[in-house]
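Read through the structure below, which is laid out as structure tokens, and then see the notes.
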Amino acid sequence: MHSETGNTSSPEQQYVPRILLAGGQCSGKSEMMEELRRHFGTEVLCVPEVSSLLREYMGIRPNVEDADEIREFQYRLFRIQKECESLADITAFRRGQRAVVLDRGTLCGAVYLPGGYEEWGRLCGTTRDREYRRYDLVLYHEQAGKETYNQRAEQKEYRPSAFPIAVERAHGLGALWQDHSRFLFIPYSQDWDEKKKAVIVAIRTFLREIPLTTQKAVPGSRSSEGALSGSKVG
């Protein structure tokens, strides 16, 4: 169990699992989050993408041609996201919710730096394994095809990256997360209902394996030390 919440109660009694939706731009994560919010209701706490809130609602966007601005943005985003996740944990625990579902994880910022994961790790003072321990289940969404990507891009408040760049970053994200012990690849599908069903089944299966939020963590989840165990999914 991560300890940055600042709460002095027993870690085992505060355990709330985190489920991560990972994937490239316009891969359908935000839409999937809305589907999960409707399907699960108050059973889980759905947290939108922090970087999107900064860009779309606060207008905070780094100059894509300025490497220093990108580094500054990703570093501060990393810190902000960790605090948001901790607050989400506390909120979900107090409400008796089964899990926190997140759009994007801390490690995702690595694909936006010129030096990739190595530069990001040095900048943020962390490692991939340490960030893996922040999440109990990773559902990676495969990048959408070009036509679907362009359709979704037109609906965004900000202009996403060109498709080839988006594909490269999506592949980078998949490589970053694929060694997580509970990683599930969600393939792109023209049939949205099929994709939605796959995600819901994965989450339902996961929730059956863990205790209620008022109980302690079990093998396969974050322990009081934040360790992960259990077999890889899929």
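Kindly establish whether Phe78 is farther than 21 Å from Tyr135 by Cβ and part of a helix (DSSP H, G or I).
In short, no.
Can you name the residue in the range 173-197 that is surrounded by 14 or more Cβ atoms within 10 Å (Cβ to Cβ) and aliphatic (A, V, I, L, M) and is also farthest from Leu21 (Cα to Cα) among such residues?
Among those that are surrounded by 14 or more Cβ atoms within 10 Å (Cβ to Cβ) and aliphatic (A, V, I, L, M), it is Leu176.
crowded, with 16+ Cβ neighbours inside 10 Å, within 17 Å of Leu20 (Cβ to Cβ) and in contact with a His (Cβ under 6 Å, 6 or more places away or on another chain): which single residue out of Tyr132, Tyr140 fits that description?
Tyr132
When you go through Phe73, Phe40 one by one, which is the residue that is within 30 Å of Lys197 (Cα to Cα), surrounded by 14 or more Cβ atoms within 10 Å (Cβ to Cβ) and not hydroxyl-bearing (Ser, Thr, Tyr)?
Of Phe73, Phe40, the one residue that is within 30 Å of Lys197 (Cα to Cα), surrounded by 14 or more Cβ atoms within 10 Å (Cβ to Cβ) and not hydroxyl-bearing (Ser, Thr, Tyr) is Phe40.
Those residues that are part of a strand (DSSP E or B), at pLDDT below 90 and among the charged types (D, E, K, R), I need them from the range 13-70; list them, please.
none
Identify, from the list Glu154, Glu83, the residue that is under 30 Å from Glu194 (Cβ atoms) and among the acidic types (Asp, Glu).
Only one candidate qualifies: Glu154.
Just for helices (runs of 4 or more DSSP H) wholly inside the range 91-204: which have at least 3 residues that are hydrophobic (A, V, I, L, M, F, W, C) and either closer than 26 Å to Ile60 by Cα or at pLDDT 95 or above (or both)?
116-124, 163-177
Would you check which residues across the range 99-119 are within 17 Å of the chain's Cα centre (by Cα) and over 22 Å from Val199 (Cα atoms) and list them?
Gly109, Ala110, Val111, Tyr112, Tyr117, listed by residue number.
The values are calculated or read from the model by the stated rules, or taken from the named source; none is laboratory data. This structure is a prediction, so every number in the text was calculated from the model and none was measured. Cβ sites come from the backbone with ideal geometry, for glycine too, and all protein chains shown count toward neighbours.
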